[in-house]
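Undergrad: Here it is, the structure, as structure tokens.
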Amino acid sequence: MKIRTNFVTNSSSSSFIIGRHDEDITVDIVFNILKGLYQEYLDKRDALKADCDKFGIEWVEGSGFEFKEGKAWDKKNEEINKQIERIYGINTWDGFHWPTDWMACETYADYEKYWLTKYNEEKEAKERGEKVRGSYAPFSIADFSKDTEFYALEDGSYCLEGKKSTKASQSDIFGWYIGCSDALFGDDYYEKIDGNYYDRDGQVVVPKCEEHCSWCSYNENAKNSTFKCDEIIEKSKNGEITDANAIAMVLGKICIMSECGWIPDKIVDKLGDISRFFCNHMG
């Protein structure tokens, strides 16, 4: 039986990969970018809260913006929502129920400590018989150019066990974006000679990677690619790209990991704009 110890995606996992492997970008830089995006989002919320009466809406704590009359999907209210979106950059469909206390953290290390402490406090409260509404961290960040392990903070129970996730090119993140990951580091070995592909026995084959080219995110995002596909294959064969450095070398340096719906959609859109590769629903 095989047990995965790395960040494991499911049908709702998200990832945003930022910066080339040789760029001067750090986890703290990305963390502060995220904080800025959240603050911008909250500022838009506060601006709309001040003008609720102009649009016949109200702010409901713990819920968000609601129309005083009718539903958001009513034709009249749909038009009002379009107007609100044009002016404020948000609308009544946007949610504001996500935790934001973590924004007081100055560094990612502070953020990590904040959530690990919070998880432990909630665990102790439950053990005392108190009712606790479980919290969750909205994201984790890792530097795949150097971090060999990291806390997947979105999974509080995993963190409480003291477990850390490990990164490897064969992780679901790499496999999601690179269709030929098995050909690079798995059993689907082949070598390209004079335009033909050969397996370990010297037989001509059609590698699985070519079957995946139609949907491969790396192929679709060629403008963001560090290497051409054939270069990746060549560099993996000569040892320049390895199982340990493939994510950073091929995809990018800093990775934000989350679950679909745990980061507001407006912020997801902004993250997508600055990411080399991203997917908000990996499944």
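Undergrad: Looking at (1) part of a helix (DSSP H, G or I); (2) surrounded by 17 or more Cβ atoms within 10 Å (Cβ to Cβ); (3) in contact (Cβ under 8 Å) with a residue 60 or more places away in the chain, which is the only condition Asn81 fails?
TA: Every listed condition holds for Asn81 apart from (3).
Undergrad: Within segment 84-109, how many residues turn out to be surrounded by 13 or more Cβ atoms within 10 Å (Cβ to Cβ), in a helix (DSSP H, G or I) and more than 20 Å from the chain's Cα centre (by Cα)?
TA: 4
Undergrad: If the Cβ limit is 9 Å and pairs must be 6+ apart or interchain, which residue in segment 246-258 that is touching a residue at least 24 places away in the same chain (Cβ under 8 Å) and more than 11 Å from Ile141 (Cα to Cα) pairs with which residue that is aliphatic (A, V, I, L, M) and in a helix (DSSP H, G or I)?
TA: Going by the 9 Å Cβ cut-off, the qualifying pairs are Ala246/Leu184; Ala246/Ile232; Ile247/Ile173; Met249/Ile232; Val250/Leu184; Val250/Ile232; Leu251/Ile173.
Every residue, every condition in (1) surrounded by 20 or more Cβ atoms within 10 Å (Cβ to Cβ); (2) in contact with a Lys or Arg (Cβ under 8 Å, 6 or more places away or on another chain); (3) under 19 Å from Leu271 (Cβ atoms); (4) modelled with pLDDT of 95 or more, yes or no:
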{"position": "Gly19", "(1), (2), (3), (4)": "yes, yes, yes, no"}
{"position": "Ile29", "(1), (2), (3), (4)": "no, no, yes, yes"}
{"position": "Leu34", "(1), (2), (3), (4)": "yes, no, yes, yes"}
{"position": "Asp51", "(1), (2), (3), (4)": "no, no, no, yes"}
{"position": "Phe55", "(1), (2), (3), (4)": "yes, no, no, yes"}
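Undergrad: Hey, can you tell me all the residues within segment 36-49 that are without any contact (Cβ under 8 Å) to a residue 60 or more places away in the chain, surrounded by 18 or more Cβ atoms within 10 Å (Cβ to Cβ) and farther than 16 Å from Glu85 by Cα?
TA: Answer for segment 36-49, where residues must be without any contact (Cβ under 8 Å) to a residue 60 or more places away in the chain, surrounded by 18 or more Cβ atoms within 10 Å (Cβ to Cβ) and farther than 16 Å from Glu85 by Cα: there is none.
Undergrad: Kindly check whether there is at least one residue in segment 166-176 that is among the basic types (Lys, Arg), modelled with pLDDT of 80 or more and not in a helix (DSSP H, G or I).
TA: No: segment 166-176 contains no residue that is among the basic types (Lys, Arg), modelled with pLDDT of 80 or more and not in a helix (DSSP H, G or I).
Undergrad: Could you list, in sequence order, the residues of segment 243-265 that are among the polar types (S, T, N, Q) and assigned to a loop (DSSP other than H, G, I, E, B)?
TA: Asn245
The values are calculated or read from the model by the stated rules, or taken from the named source; none is laboratory data. Model, not experiment: these values are computed from the prediction. Heads up, the Cβs are rebuilt from the backbone with ideal geometry, glycines too, and the neighbour counts pull from every protein chain shown.
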